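The values are calculated or read from the model by the stated rules, or taken from the named source; none is laboratory data. Note that this is a predicted model, so its numbers are computed, not measured. Glycine also receives a Cβ, built like all others from the backbone with ideal geometry; neighbour counts cover every protein chain displayed. Remember, those area values only see protein heavy atoms, side chains included, never the ligands or the DNA or RNA. Shrake-Rupley method; radii C 1.70, N 1.55, O 1.52, S 1.80 Å.
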Amino acid sequence: FGIIGMCGIHKKTSPCRFRITDVTVDADIFSLEIEAAVAVGYLRPGDILVLDNAALHTGKDNSVIEDWLWEDHNVFVLFLPARTPEWNPIEL
């Protein structure tokens, strides 16, 4: 099983969006979830999507997600620097 989730701060959307799958979350599932988040309005123009450097965030065709989100949806993607445990507690 795998879980993919997002947290946000917006008065018009739920603070958390997640999905539990019966497969391992990979780059393909991640990109589908980003597309779904845009389609339902969870990711909105002016939002900032903060990602660590996990392979599923940039693997396969996901290298174009940053440009697609910015150019087509005005969502800015911010990648955390490598090895920043003070910003990404999962690295501790």
Farthest positive-ward along segment 1-91 dipole, Cα basis, beta-carbon charges - from VAL64, HIS10, ALA82: HIS10
DSSP beta bridges in the chain [antiparallel fraction, %, rounded to 5]: 60 percent
Length-normalised contact order for segment 1-86 - Cα pairs under 8 Å, 6+ apart - percent: 26 percent
J(HN,Hα) series, segment 33-39, from Karplus relation 6.51 cos²θ - 1.76 cosθ + 1.60, nearest Hz, glycine and proline x: 5, 5, 4, 5, 5, 5, 4
Nonlocal amide H pairs with ASP52, under 5 Å, H built at 1.01 Å: LEU80
Electrostatic dipole magnitude of segment 1-57 [Cβ: Lys, Arg +1; Asp, Glu -1; Cα centre; debye, to 20]: 420 debye
For VAL77, distant residues with modelled amide H under 5 Å away: LEU49
The chain - mean residue ellipticity at 222 nm from DSSP helices (-39,500 (n - 2.57) per run, n ≥ 4, rounded to 500): -8000 deg cm²/dmol
The chain: Rg to Rh, with Rh as the Kirkwood radius over Cα pairs: 0.94
Whole-number accessible area per residue in Å² for segment 1-40, which is evaluated in the context of all protein chains at 1.4 Å: 71 Å²
Net charge contributed by nearby residues that have their C-beta within less than 9 Å of ALA36 (K/R +1, D/E -1): 0
